Amino acid sequence: MENTVLAAAYLKELEVELLLLNSVSKGFLRPPIYGPSADDSTF
């Protein structure tokens, strides 16, 4: 039971890290024109 909880938490953390990496790499490839708060809808 505990292993399932740990695995779920680990997967969630991986998911968050992937999202962070994705947004960071997108920021490097295409720097936001209106600052860090600019989202994809402005392009």
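Per-structure values
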{"item": "Hits in the stretch 1-16 (condition: hydrophobic (A, V, I, L, M, F, W, C) and modelled with pLDDT of 90 or more)", "result": "Val5, Leu6, Ala7, Ala8, Ala9, Leu11, Leu14, Val16"}
{"item": "Residues that are surrounded by fewer than 10 Cβ atoms within 10 Å (Cβ to Cβ), modelled with pLDDT of 60 or more and assigned to a helix (DSSP H, G or I), drawn from the stretch 17-43", "result": "Phe28, Leu29"}
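The values are calculated or read from the model by the stated rules, or taken from the named source; none is laboratory data. Computed from a prediction, not measured in an experiment: that's the story for all the values here. With ideal geometry, Cβ positions are generated from the backbone for all residues, glycine too; neighbour counts draw on all protein chains shown.
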